[in-house]
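Okay, structure first, notes after.
The values are calculated or read from the model by the stated rules, or taken from the named source; none is laboratory data. Just so it is clear, the model here is predicted, and its values are computed rather than measured. Glycine gets a Cβ as well: all are built from the backbone with ideal geometry, and neighbour counts include every protein chain shown.
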Amino acid sequence: MIIRKHHQSGIVTMLFLLISLIAQAQTSDSLIVSGIRDVGIHFYQHNDVKLIMSGKQKFDMMFDDIRNAKSSVHLEYFNFRNDSIASLLFDILREKRKEGVEVRALFDGFGNDSNNQPLKKHHIKSLREDSIDIHEFDPVRFPWVNHIWPRDHRKIVVIDGHIAYTGGMNVADYYIVGTEQVGEWRDMHCRIEGPVVNELQDIFARIWQKTTKEQLNNEKYYRGKEKGDMMVGIANREPNKTNKIMRQFYISALDNAQDSIKIINPYFTLTPSVKKAIHRAIKRGVKVDILVSAKSDIPLTPDAVYYNVHKLMKKGANIWLYQPGFHHSKIMMVDDKFCTVGSTNLDARSLRFDYEVNALIVNKKITKQLNDMFMSDTQKSVKLTKEEWDNFRTGWQKFRGWFAHLLSPFL
């Protein structure tokens, strides 16, 4: 009888151990992926992702890939700044057209008009005369106000249907040389090969058809094949189709974080739902680090950003103010296992109105690279404290921040 009781006790112990092992197997990355899938995002296995951490690196890599293109080059950007980098790109595209490569390029009307060196009508005419098929998405026309939202803020390049680039950089030389206003201009991009490229191509094809009425359904545009061992998903916001997808993705990732969250975002004005998700993470004991720039390229929005990060600092987040220039990157790392790189700002415009795209990467190696960059950049930053806040912001600036945060739904 005693032996039987011991035997039963052993079985119960083993069952508890088995349940514990199953619970441990449900790691934070699987929870995050499961939560994100629930909002309608598909993940693809067997991709290869290379992070691009500077403008020079992006344009060197991308221009080399375009020079080697054999079939097609598709480009979708918020804007092409009329400067030396865009000029070099268009020269390369002209040469590819002479070789018979199909070239399609799309830029946003508001993105171009708000650019301090926009493409003019004669530039577009010249490009078309050289057989570059370039179009403007939703040109801004009288009465103007009806063109404020939504805008195409995405950055997508697909080459020969199997190499893709996406991230936060437009086509401009200031990603290399900086600007007089803010100095160094930091941003993030990535180069992707694998099945997920087909989804990026499909996103381009839909906006291209919407703009030009041309359908791109030939198999030659969809050549993304298995390469590498990375799981990658694409979060794509299209107005009237996937309106809530970006908010849902960020909230799901934040809510499933178990250990750490690191965020770099330039226009950190936040929507209420994302702000509450960050609050919940802090309350759960998750270590939250947020880096924003001390400098910015536009007025008023930074005031709302400083207001928000000060409130989060008081909740328990670690806040870093980047000093050397303007950190325009839009990245987030969760639990050292999951990260995102994309075009989405954590503001109402990106989360509620515009066309946006983010690559969602489930890979420890890539996430570590971003974490290492984050930690390196904190060495060039000032950590926000109560004393630093009082030194950094005058009474008038604090009031301006309070007022600006009331306008967050429109910033």
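Where strands (runs of 3 or more DSSP E) fall wholly inside the stretch 125-219, the ranges with 1 or more residues that are of a type outside the set (S, T, N, Q) and under 19 Å from Glu356 (Cα atoms) are 133-137, 156-159, 163-167, 189-193.
Residues are listed down the side, and each one gets a yes or a no for (1) more than 23 Å from the chain's Cα centre (by Cα); (2) of a type outside the set (A, V, I, L, M); (3) under 20 Å from Tyr221 (Cβ atoms):
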| residue | (1), (2), (3) |
| --- | --- |
| Asn68 | yes, yes, yes |
| Ala86 | no, no, no |
| Lys98 | yes, yes, no |
| Val101 | yes, no, yes |
| Arg104 | no, yes, yes |
| Gln117 | yes, yes, no |
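Pairs meeting the criteria (first residue in the stretch 44-68 and without any contact (Cβ under 8 Å) to a residue 40 or more places away in the chain, second residue part of a helix (DSSP H, G or I) and hydrophobic (A, V, I, L, M, F, W, C), beta carbons under 9 Å, at least 6 apart or on different chains) are Phe63/Leu88; Phe63/Leu89; Phe63/Ile92; Arg67/Ile92.
Is it the case that Gln215 is at pLDDT below 95 and surrounded by fewer than 17 Cβ atoms within 10 Å (Cβ to Cβ)? No, not satisfied. For the stretch 236-261, the set of residues classified as within 16 Å of the chain's Cα centre (by Cα), within 15 Å of Gly342 (Cβ to Cβ) and not in a helix (DSSP H, G or I) consists of Asn236, Arg237, Glu238, listed by residue number.
Set side by side, the residues Lys244, Lys210 differ, and just one is more than 22 Å from Lys96 (Cβ to Cβ), in contact with a helix residue (DSSP H, G or I) (Cβ under 9 Å, 6 or more places away or on another chain), surrounded by fewer than 23 Cβ atoms within 10 Å (Cβ to Cβ) and charged (D, E, K, R), which is Lys244.
Looking at the stretch 300-324, which of the residues that are in a helix (DSSP H, G or I) and of a type in the set (Ser, Thr, Tyr) is surrounded by the fewest Cβ atoms within 10 Å (Cβ to Cβ)?
Thr301
Filter the stretch 185-207 for residues that are under 30 Å from Lys295 (Cα atoms) and touching a Leu at 6+ places or on another chain (Cβ under 9 Å); which is surrounded by the most Cβ atoms within 10 Å (Cβ to Cβ)? Ranking the candidates gives His189 first. Any residue that is under 15 Å from the mean Cα position of the chain (by Cα) and either in a loop (DSSP other than H, G, I, E, B) or among the basic types (Lys, Arg) (or both) - is there at least one of those in the stretch 353-370? Yes. Look at Asn345 and say whether it is closer than 23 Å to Gly35 by Cβ and touching a Phe, Trp or Tyr at 6+ places or on another chain (Cβ under 9 Å). Taking the combined requirement at face value, the residue satisfies it. Applying a threshold of 6 Å to beta carbon distances and a minimum spacing of six or more residues, or different chains, the list of pairs starting in the stretch 187-204 at a residue that is within 19 Å of Ile331 (Cα to Cα) and ending at one that is among the charged types (D, E, K, R) reads His189/Lys58; Arg191/Lys50. Filtered by the rule that a residue be part of a loop (DSSP other than H, G, I, E, B) and out of contact with any Lys or Arg (no Cβ under 8 Å at 6 or more places or on another chain), the stretch 268-299 gives Phe268, Thr269, Leu270, Gly285, Val286, Ala294, Lys295, Ser296, Asp297, Ile298, Pro299.
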